[in-house]
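A short worksheet on the structure shown next.
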Amino acid sequence: MNLLVVGAGQAGVQIAGSARDLGWEGPITLVGQEPYAPYARPPLSKAFLKGEAPLSSLALRSAAFYAQQRIDLVPDEHIGRIELAGGGAGTAFSAAGRRWSFDRLVLATGARPRRLPIEGAGLDGVLALRDIRDAQALARRLAGATALVVIGGGFVGLEVAATAAAAGVPTTVVEAAPALMNRVVSTAMADIIATAHRAAGVQIRTGLRPVRLRGTDGAVVAVELDNGDELPADLVVVGVGAQPCDELARAAGLHCDNGIVVDARSLASDGHTIAVGDCANLPDPSLASDDAPRLRLESVDNAVEQATSAAATLAGLDRPYRGVPWFWSDQGGLKLQIAGLARPDDEVLLRPGRRPGQHTALRYRGLQLVAVECLNSPADFLALRRALGEGVSLSRTTATDTGLSLKEHLATAQCADIKESPCP
């Protein structure tokens, strides 16, 4: 039984290794499009961009790991076509003319940065950040930049902005939504983070859209906004989200809708092919989910946890993907950690930390705590993430009591839920 994994990012590496751990005895081939061994992407916008993390430090696994797990790692090969023969089997063809026959297929093809559909988006000096080559190009440009405009106030955009500002590059972030990270955090937390970025020298412009990137001699020189303002820029970083790489799946006849549609066991519409990671459109795995819409989760946590569950599917085990999704973003001196999936109408309770710069936002749906946002509060995050995973909640009244730490409040709430355990 041959297992072919297309995509050598975090999810692809995880499912290959987990499948072997769960008893897959046949050959496993892991094909990646980049010429590098699989690597971690989060440092690209931070330590790698600063020159503090060499390429070798980003490796997800050592060469010995692939040898010991009998995983045939094939870098620098673009799979251009897949033919499914039924029952999960088929053949994959690379652009270079190679082919691989498989009995089971995993698609871990990831996502690509969205592009700006405006004039000037192709000018020299307009970059996105997704892979090592992007990061290397951005690092070279930053070294001589006099004005950076970051379009998009999400994780990647703010991480790049913080890195650039710390290096002395005048930096402006333009976000179309009324607040930064609009789809990810509460307005209260977004306001706190925006204030911190401004204090670090980053200009923040929200509620505005770029309408044109103006160039001279083929190179970007300014960003024109929809209110008529023009921002000087010899470097523009576009961070307006990502779109799933689902072309292979579509061409093979698999159902796709904002990604490859899978069930809780990561099975695609043919009932055999597996799709994991950024390319997969999956049921909300949250323990607190009910009739929530399907979604894509672009995070290291999802890549690891969904792929681990999907490996169980390959092994014939029934382990649907359930858990508490979590995310993090390091933006200069800010460490943002999020657990759970909030909705816009969830209530927000903002709790100050015990030290300056610490804040925790608790998100409630009815009486239930469903998500948390922690800024520079790792102890709160660990306690709350564990509580969400165990279904332990806190009343709003208890959460506002800062006389005790959240860890202490949660310990009391947990033992109260377990009647046989004495409470302290």
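Condition check ((1) touching a Gly at 6+ places or on another chain (Cβ under 8 Å); (2) modelled with pLDDT of 95 or more; (3) assigned to a strand (DSSP E or B); (4) not small (Gly, Ala, Ser)) across all residues:
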{"residue": "Thr172", "(1), (2), (3), (4)": "no, yes, yes, yes"}
{"residue": "Ala177", "(1), (2), (3), (4)": "yes, yes, no, no"}
{"residue": "Met181", "(1), (2), (3), (4)": "yes, yes, no, yes"}
{"residue": "Val184", "(1), (2), (3), (4)": "yes, no, no, yes"}
{"residue": "Met189", "(1), (2), (3), (4)": "no, yes, no, yes"}
{"residue": "Ile193", "(1), (2), (3), (4)": "no, yes, no, yes"}
{"residue": "Ala196", "(1), (2), (3), (4)": "yes, yes, no, no"}
{"residue": "Ile204", "(1), (2), (3), (4)": "yes, yes, yes, yes"}
{"residue": "Leu208", "(1), (2), (3), (4)": "no, yes, no, yes"}
ask   = Based on what the data block shows, is Ala11 without any contact (Cβ under 8 Å) to a residue 40 or more places away in the chain and either assigned by TED's automatic domain parsing to the domain that holds Ser94 or in contact with a His (Cβ under 9 Å, 6 or more places away or on another chain) (or both)?
value = no
Screening Leu350, Leu287 for residues that are in the same structural domain as Pro42 (by TED's automatic domain parsing), surrounded by fewer than 18 Cβ atoms within 10 Å (Cβ to Cβ) and over 30 Å from Asp103 (Cα atoms) leaves only Leu287
Of the residues in the stretch 380-409, those that are buried (at least 18 other Cβ atoms within 10 Å of the Cβ), farther than 22 Å from Lys335 by Cα and either outside the structural domain of Pro352 (by TED's automatic domain parsing) or of a type outside the set (Gly, Ala, Ser) (or both) come to Val392, Leu394, His409
Residue hits (the stretch 144-168; of a type in the set (Ser, Thr, Tyr) and closer than 23 Å to Phe327 by Cα) are Thr163
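Residue-wise test of (1) touching a Gly at 6+ places or on another chain (Cβ under 6 Å); (2) under 26 Å from Ser329 (Cα atoms); (3) at pLDDT 95 or above; (4) not hydroxyl-bearing (Ser, Thr, Tyr).
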site	(1), (2), (3), (4)
Gly9	yes, yes, yes, yes
Glu34	no, yes, yes, yes
Pro38	no, yes, yes, yes
Leu44	no, yes, yes, yes
Ala53	no, yes, no, yes
Arg61	no, yes, yes, yes
Gly86	no, no, no, yes
Considering only strands (runs of 3 or more DSSP E) wholly within the stretch 40-102, the ones with at least 3 residues that are touching a residue at least 12 places away in the same chain (Cβ under 8 Å) and over 26 Å from Asp246 (Cα atoms) are none
Glu34 passes all but one of the listed conditions (1) acidic (Asp, Glu); (2) more than 24 Å from Val237 (Cβ to Cβ); (3) within 25 Å of the chain's Cα centre (by Cα); the exception is number (2)
> Would the stretch 236-253 turn up any residue that is among the small types (Gly, Ala, Ser) and within 22 Å of Gln358 (Cα to Cα)?
Replying inline: no
Counting only residues that are of a type in the set (Gly, Ala, Ser) and assigned to a loop (DSSP other than H, G, I, E, B), the stretch 250-291 contains a total of 10
Discussion item. Regarding the stretch 104-112, can at least one residue be identified that is outside any strand (DSSP E or B) and among the basic types (Lys, Arg)?
Written reply: no
Of the residues in the stretch 292-301, those that are assigned to a helix (DSSP H, G or I) and without any contact (Cβ under 8 Å) to a residue 40 or more places away in the chain number 1
Note on the stretch 216-237: residues part of a strand (DSSP E or B), closer than 16 Å to Arg141 by Cα and of a type outside the set (A, V, I, L, M) are Pro232
Condition set outside any loop (DSSP other than H, G, I, E, B) and of a type in the set (A, V, I, L, M, F, W, C), scope the stretch 238-249, selection nearest to Ala121 (Cα to Cα): answer is Val238
Q) Mind checking whether some residue in the stretch 64-79 is within 22 Å of the chain's Cα centre (by Cα) and either of a type in the set (Val, Ile, Thr) or over 25 Å from Ala315 (Cα atoms) (or both)? A) no
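The values are calculated or read from the model by the stated rules, or taken from the named source; none is laboratory data. Nothing here was measured: the structure is a model prediction, and the numbers come from that model. Glycine gets a Cβ as well: all are built from the backbone with ideal geometry, and neighbour counts include every protein chain shown.
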